[in-house]
Amino acid sequence: MRTKIIILGLIYLLMLGSVFAVEKKDVLNHNWQSLFTEPIETLYIIMKDKIGFKYTSHDEVMVHMNIGMLEKWLKKKNYEIKDIAIIIHNHLKNCRFSPDDWKQYRDFKSRGFTGQFLLYCQMTNKIYDIENKIK
């Protein structure tokens, strides 16, 4: 069942296409609020070629995502983890990266991720960068 949900979510992301065309320099000023409208945590992956994917596990406090499965899915689409430009997810109440966020970030880095790992806080409508802590 979980696999079906992941596959359906990724298909949905594929349909979104280049909706997320954002230059790296403009990332922190982009209107991310328009993407995070539901009362659940959602994750967006934006590739270096500006193709975007949305994923959620419909949970209010976390996004359940297996990076190994994501890596296999990306491979089928001729992408690799290193092709990801931006990973952004939201928190509904807490404006800090959780221990799980840090774990995921380190896992992505160990697999070749060099992009930005961002958090959108819905309480403050601000973006936080895990590396720079830029607001």
Exercise. Lys75: surrounded by fewer than 14 Cβ atoms within 10 Å (Cβ to Cβ), over 19 Å from Ile46 (Cβ atoms) and basic (Lys, Arg), yes or no?
Worked result: no
Seminar exercise, completed: Flagged in region 31-41 as assigned to a loop (DSSP other than H, G, I, E, B) and under 23 Å from Lys109 (Cβ atoms), in numbering order, are Glu41
Exercise. Is it fair to say Tyr44 is surrounded by 15 or more Cβ atoms within 10 Å (Cβ to Cβ), within 14 Å of the chain's Cα centre (by Cα), without any contact (Cβ under 8 Å) to a residue 40 or more places away in the chain and assigned to a strand (DSSP E or B)?
Worked result: no
Problem set entry | Selection count, region 102-122, where residues are under 15 Å from Met62 (Cβ atoms), touching a residue at least 40 places away in the same chain (Cβ under 8 Å) and within 11 Å of the chain's Cα centre (by Cα) | 1
For this session: Go through (1) under 22 Å from Tyr128 (Cα atoms); (2) aliphatic (A, V, I, L, M); (3) in a helix (DSSP H, G or I) one by one and return the number of the condition Val61 breaks.
Result: (3)
Seminar exercise, completed: Apart from one, (1) part of a loop (DSSP other than H, G, I, E, B); (2) at pLDDT below 90 all hold for Met69; the odd one out is (1)
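The values are calculated or read from the model by the stated rules, or taken from the named source; none is laboratory data. Since the structure is predicted, the reported quantities are computational estimates derived from the model, not experimental observations. FYI the Cβ positions are ideal-geometry reconstructions off the backbone, even for glycines, and counts take in every protein chain you see.
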